[in-house]
Amino acid sequence: MARWAIAIHGGAGVDPNLPEHRQEEAKRVLARCLQVGMDALRGGARALDVVEAVVRELETDPFFNSGRGSALTRRGTVEMEASIMDGRGRRCGAVSGVSTVKNPVSLARLVMDKSPHSYLAFDGAEEFARDQGVEVVDNSYFITEDNVGMLKLAKEANSILFDYRIPLAGPETCSALAGSENHSGMVINGLPISIYAPETVGCAVVDSNGFCAAATSTGGLMNKMAGRIGDSPLIGSGTYACDLCAVSCTGEGEAIIRSTLARDVAAVMEYRGAGLQEAVDYCVKERLDEGFAGLIAVSRSGEVAYGFNCTGMFRGCATEDGFMEVGIWE
């Protein structure tokens, strides 16, 4: 019997001035969702079922940027995306542009299990959801008051805004941000962005049979263009699982896409014979070019690893031998 292990994340790139009470809230959410996965693994659940269950929990809680609490498009709506992958046979499913499905990760699972395809988007994904009888809600369910305020700030600054959790300080905040062409000194595809703290969620698991699986879910970028698709639903970029390992990524989606970051971790293990943490470190340090991101990973032998090249990553991990950790910073 193999040893089970689980890793979860709630986004890489954290505002260093995030208030202490918000840090503690994030840790509580991560610990609760991590416990859901640990209990399932102790009960003999399959890796694929565990990653779906854990990401559903993360989607349901409004703290992170997935499901309820997702970032808003410039139109003020929510467009969500998710993917899931089974290391056994590298089966996968993904959805983009979902606006009424309560748990996008479960719709991605259905695309994998109940359709002849691997990826459905927008109207096609919504139609498939209704055909499958999944729970749907009005788009307003996903929208929070905090996000409405942060979208206003992003629009006034004429910028993509990553961190929608930072409380608004009033009109002077908008004016200060709007007056700065590049508030954080960072760019995406050559365009300035504001505060860097994407909060995609994800889970990577190896079960007691040595089978690996991964899932990732997000609402994307605050003030993103309608129709934008990030790395989270792209197999090999934001999510990957095979017989060696499972990986879920978070951060600057455009950089993750360019580097096929999740697949590269598995490739470094497969082709160079690297261990899990060595592969993670190499990919984070060498494959992101000028991008900023992080990832979590597990191996079929029960190891857990993570890495990021930005300020902090919301994360948690646990193994069968009793190790458990929830953290944000280095």
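The values are calculated or read from the model by the stated rules, or taken from the named source; none is laboratory data. Worth saying up front: this structure is predicted, and the values here are computed from it rather than measured. Glycine gets a Cβ as well: all are built from the backbone with ideal geometry, and neighbour counts include every protein chain shown. For the accessible areas, the whole protein counts, side chains as well, though only heavy atoms, and no ligand, DNA or RNA atoms are used. Shrake-Rupley method; radii C 1.70, N 1.55, O 1.52, S 1.80 Å.
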For this session: Could you list all residues from region 307-325 that are crowded, with 20+ Cβ neighbours inside 10 Å and either farther than 12 Å from residue 251 by Cβ or among the hydrophobic types (A, V, I, L, M, F, W, C) (or both)?
Result: 308, 310, 313, 314, 315, 316, 317, 318, 319
For this session: Find the residue count for region 279-297, including only residues that are under 19 Å from the mean Cα position of the chain (by Cα) and assigned to a loop (DSSP other than H, G, I, E, B).
Result: 4
Problem set entry | region 77-94, subset of a type outside the set (Asp, Glu), closer than 18 Å to residue 64 by Cα and in contact with a Pro (Cβ under 6 Å, 6 or more places away or on another chain), residue surrounded by the fewest Cβ atoms within 10 Å (Cβ to Cβ) | 80
For this session: Considering every residue within region 14-29, establish whether at least one is part of a helix (DSSP H, G or I) and either under 20 Å from residue 237 (Cβ atoms) or touching a helix residue (DSSP H, G or I) at 6+ places or on another chain (Cβ under 8 Å) (or both).
Result: yes
Problem set entry | residue 310, sole failed condition from (1) in contact with a Leu (Cβ under 9 Å, 6 or more places away or on another chain); (2) over 23 Å from residue 60 (Cα atoms); (3) part of a loop (DSSP other than H, G, I, E, B); (4) of a type outside the set (Gly, Ala, Ser) | (1)
Seminar exercise, completed: Scanning region 95-110 residue by residue, those open to solvent by less than 10 Å² (accessible area, probe 1.4 Å) and in contact with a Ser or Thr (Cβ under 7 Å, 6 or more places away or on another chain) turn out to be 104, 105, 108
Exercise. Hey, among 286, 254, 303, 320, which residue is out of contact with any Phe, Trp or Tyr (no Cβ under 9 Å at 6 or more places or on another chain) and more than 27 Å from residue 112 (Cα to Cα)?
Worked result: 286
Seminar exercise, completed: Within region 30-50, residues over 26 Å from residue 140 (Cα atoms), assigned to a helix (DSSP H, G or I), open to solvent by 20 Å² or more (accessible area, probe 1.4 Å) and not hydrophobic (A, V, I, L, M, F, W, C) come out as 35, 39, 42, 49
Problem set entry | In region 199-214, residue nearest to residue 302 (Cα to Cα) [restricted to those that are buried (at least 24 other Cβ atoms within 10 Å of the Cβ) and in contact with a Phe, Trp or Tyr (Cβ under 7 Å, 6 or more places away or on another chain)] | 206
Exercise. Out of all the residues in region 287-302, which are open to solvent by 10 Å² or more (accessible area, probe 1.4 Å) and either in contact with a strand residue (DSSP E or B) (Cβ under 6 Å, 6 or more places away or on another chain) or modelled with pLDDT of 95 or more (or both)?
Worked result: 292, 300, 301
Seminar exercise, completed: Counting only residues in region 215-245 that are out of contact with any helix residue (DSSP H, G or I) (no Cβ under 7 Å at 6 or more places or on another chain) and within 14 Å of residue 87 (Cα to Cα), the one least open to solvent (accessible area, probe 1.4 Å) is identified as 241
Seminar exercise, completed: Counted residues in region 130-164 being open to solvent by less than 50 Å² (accessible area, probe 1.4 Å), at pLDDT 85 or above and within 21 Å of the chain's Cα centre (by Cα) come to 3
For this session: May I ask you to list pairs of residues, at least six apart or on different chains, whose Cβ atoms are under 9 Å apart, with the first in region 246-271 being of a type in the set (D, E, K, R) and the second being crowded, with 24+ Cβ neighbours inside 10 Å and assigned to a helix (DSSP H, G or I)?
Result: 264/279; 264/283
For this session: Could you list all residues from region 51-76 that are open to solvent by 10 Å² or more (accessible area, probe 1.4 Å) and in a loop (DSSP other than H, G, I, E, B)?
Result: 61, 62, 68, 74, 75, 76
Exercise. Of all residues in region 111-122 being in contact (Cβ under 8 Å) with a residue 24 or more places away in the chain and in a helix (DSSP H, G or I), which is surrounded by the fewest Cβ atoms within 10 Å (Cβ to Cβ)?
Worked result: 122
